[in-house]
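Engineer: I have a structure here, written as structure tokens, and I will follow up with some questions on it.
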Amino acid sequence: MKEWTENHVKETLPQRMKSGHKGTYGTGLLLAGSKDMPGAALLSGLGAMRSGIGRLVIGTEEEVIPYVVPVLPESTYLRNGLKKAADGEVKTTEYKAIAAGPGLEPNEETEKAVQHLLQGDCPIILDAGALSERSYEMRKSPVILTPHPGEFARITGIEVAELQENRLHFASHWAKKIGAAIVLKGNGTVTAFPDGSAWTNPTGNSALAKGGTGDTLTGMMLGMLCCHKDWKHAVLNAVYLHGACADRWTENRSAHTMLAHELTDLLPEVWKEKE
Ligand code: APR
Ligand code: MG
């Protein structure tokens, strides 16, 4: 079992190029948030915009937009983005990377949207409502799934209790089988790639056991895909830094008290220490 250590992070975090402009880092599309879960769009949006992205487009329901704008005025929007994606109206070529799922229901419309997005060529992260039983073997560009154990059980049929006893084995087996990277979340997150390589993450703690922290991670990963050359490094560094922000929180604050958006408040200084 290999661990993605602080040294790996220091060796692989990209520098911001002196002559870089927003186009250098690219535009990410985030399909997230719905009427009952508007905050997911905000949390994942904050994660993305704090993680090296050039520009962010949030595809979300019209009613969600006014909640996001006051806190994240830097983002732009694809109004009713889920419906547009489901109708095949999203031009995937405009995006460097895509993330879908936080705050979305796993229903027919989400499934249709994901199927259309998968036809594009850029790396795609699927989380929460965008996760379902599928195979990605035919797709050339990276697919990254970010299930918690319950979601992993839903897409594979494995019982949670059995999964938790051998997380590395199941994540690796299914990553190879379906042709997607799997970030199996929870205490001791395991990341398995379809080529058979797999890494455990040493950071993070129970302060993360609270709604919204997974949405933040998905956003961070989207941002990191936009600024890293190697997509695998982007995935591993997002998981590492997300956990490291929680570790920074508990240095002098109770693990009971952290809010998901506070991860992105801590990220700038935690990231700086690893550059
Ligand atoms: N120790 C370390 N890390 C932990 C622990 C723990 N005890 N508990 C949770 N975590 C981490 C996980 O590794 C993961 O990174 O916190 C994060 C939790 O992610 P999720 O389980 O996905 O939770 P979250 O996404 O915040 O829950 C709300 O679920 O159903 C969806 O759409 C809904 O987006 C909404 C989301
Ligand atoms: Mg989640």
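The values are calculated or read from the model by the stated rules, or taken from the named source; none is laboratory data. These numbers come from a predicted model, not from an experiment. Heads up, the Cβs are rebuilt from the backbone with ideal geometry, glycines too, and the neighbour counts pull from every protein chain shown. Side chains are part of the model used for accessible areas, which takes the heavy atoms of the whole protein and leaves out ligands, DNA and RNA. Shrake-Rupley method; radii C 1.70, N 1.55, O 1.52, S 1.80 Å.
Engineer: Among the residues of the range 10-30, is there at least one that is open to solvent by 40 Å² or more (accessible area, probe 1.4 Å), more than 16 Å from ligand 2 (Cβ to nearest atom), among the β-branched types (V, I, T) and more than 25 Å from F152 (Cα to Cα)? Lay out the reasoning, then the answer.
Structural biologist: First pass over the range 10-30, keeping only residues open to solvent by 40 Å² or more (accessible area, probe 1.4 Å): 10-11, 15-19, 21-24.
Now restrict to residues that are more than 16 Å from ligand 2 (Cβ to nearest atom): 10-11, 15-19, 21-24.
Add one more test, that the residue is among the β-branched types (V, I, T), and what stays is 24.
When the remaining residues are screened for being more than 25 Å from F152 (Cα to Cα), the result is 24.
Taking every residue of the range 10-30 in turn, at least one turns out to be open to solvent by 40 Å² or more (accessible area, probe 1.4 Å), more than 16 Å from ligand 2 (Cβ to nearest atom), among the β-branched types (V, I, T) and more than 25 Å from F152 (Cα to Cα).
Engineer: Take the range 241-260 and flag every residue that is farther than 23 Å from Q15 by Cβ, away from ligand 1 (no atom under 11 Å from the Cβ) and part of a helix (DSSP H, G or I).
Structural biologist: Listed by number, the residues that qualify are W249, E251, N252.
Engineer: Further question on the same structure: What residue, of I125, I98, is touching a Cys at 6+ places or on another chain (Cβ under 7 Å) and surrounded by 24 or more Cβ atoms within 10 Å (Cβ to Cβ)? Write out each step before concluding.
Structural biologist: Working: I125 fails: touching a Cys at 6+ places or on another chain (Cβ under 7 Å).
Result of the check over I125, I98: I98.
Engineer: Identify all residues within the range 207-240 that are aliphatic (A, V, I, L, M), within 15 Å of G186 (Cα to Cα) and assigned to a helix (DSSP H, G or I); write none if there are none.
Structural biologist: In the first step, residues of the range 207-240 are kept if they are aliphatic (A, V, I, L, M); the result is 207-209, 217, 220-222, 224-225, 234-236, 238-239.
Next cut, within 15 Å of G186 (Cα to Cα) only: 207-209, 217, 236, 238-239.
Selection gives A207, L208, L217, L236, A238, V239.
Engineer: Please verify whether the range 141-162 includes one or more residues that are in a helix (DSSP H, G or I), away from ligand 2 (no atom under 16 Å from the Cβ) and among the acidic types (D, E).
Structural biologist: Taking the range 141-162 and keeping what is in a helix (DSSP H, G or I), we get 149-156, 160-162.
Okay, now just the ones that are also away from ligand 2 (no atom under 16 Å from the Cβ), so 156, 161-162.
If we keep only those that are among the acidic types (D, E) as well, we get 162.
Checking the range 141-162: at least one residue is in a helix (DSSP H, G or I), away from ligand 2 (no atom under 16 Å from the Cβ) and among the acidic types (D, E).
Engineer: Scan the range 174-190 and report the pairs whose first residue is away from ligand 2 (no atom under 14 Å from the Cβ) and whose second residue is assigned to a loop (DSSP other than H, G, I, E, B) and modelled with pLDDT under 95, with Cβ atoms within less than 9 Å and a gap of 6+ or a chain change.
Structural biologist: K177/E137; I178/E137; G179/E137; G179/M138; A180/E137; V190/M1
Engineer: Continuing with this model, one more query. May I ask you to list the residues in the range 67-82 that are loosely packed, with under 15 Cβ neighbours inside 10 Å and either under 16 Å from G103 (Cα atoms) or touching a residue at least 24 places away in the same chain (Cβ under 8 Å) (or both)?
Structural biologist: If the condition is that a residue be loosely packed, with under 15 Cβ neighbours inside 10 Å and either under 16 Å from G103 (Cα atoms) or touching a residue at least 24 places away in the same chain (Cβ under 8 Å) (or both), then V71, E74, R79 are the ones that fit.
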